[in-house]
Amino acid sequence: MTTELTPCVHGYYAQICRTLVVGEPNGDQLSAFGLYREAMEAGIAAVRAGITAADIARAENEVFRREGLAIT
């Protein structure tokens, strides 16, 4: 199941998407979760003074590229 919220506070918007599993996750779902977590951790590890959001995205996307899931 996927849900999306787009709250607005004083003219500032934020998009919040969440995906969840109802019941026990299957092997494919667990693998996908692991991959997305690894990508998130790669992005966090890339954060330092002076880095751009594009640099962080590249670090995250490299995890997907390695698995043959190219992100352009």
Taking the stated definitions as given, is E67 open to solvent by 60 Å² or more (accessible area, probe 1.4 Å) and either out of contact with any Leu (no Cβ under 8 Å at 6 or more places or on another chain) or not charged (D, E, K, R) (or both)?
-> no
Residue check for A39: modelled with pLDDT of 95 or more and not β-branched (V, I, T) | yes
Where a residue in the range 16-33 is within 22 Å of V63 (Cα to Cα) and its partner, wherever it lies, is surrounded by 10 or more Cβ atoms within 10 Å (Cβ to Cβ), with Cβ under 6 Å and at least six apart | Q29/V21
Report yes if E24 is touching a Lys or Arg at 6+ places or on another chain (Cβ under 9 Å) and surrounded by fewer than 12 Cβ atoms within 10 Å (Cβ to Cβ), otherwise no.
-> no
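When the residues of the range 34-52 are narrowed to those that are within 19 Å of V63 (Cβ to Cβ) and of a type in the set (G, A, S), which ends up surrounded by the most Cβ atoms within 10 Å (Cβ to Cβ)? Before the answer, list the steps.
Quick first cut of the range 34-52, residues within 19 Å of V63 (Cβ to Cβ) only: 34-48, 51-52.
Still in the running and of a type in the set (G, A, S): 34, 39, 42-43, 45-46.
Details: G34: 10, A39: 21, A42: 18, G43: 19, A45: 11, A46: 15.
Among residues in the range 34-52 that are within 19 Å of V63 (Cβ to Cβ) and of a type in the set (G, A, S), the one surrounded by the most Cβ atoms within 10 Å (Cβ to Cβ) is A39.
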Restricting to the range 15-72, what's the tally of residues that are assigned to a helix (DSSP H, G or I), of a type in the set (K, R) and within 26 Å of M1 (Cα to Cα)?
-> 2
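The values are calculated or read from the model by the stated rules, or taken from the named source; none is laboratory data. These figures come from a predicted structure and were not determined experimentally. Glycine gets a Cβ as well: all are built from the backbone with ideal geometry, and neighbour counts include every protein chain shown. All accessible areas refer to the heavy atoms of the entire protein, side chains included, with ligands and DNA or RNA removed. Shrake-Rupley method; radii C 1.70, N 1.55, O 1.52, S 1.80 Å.
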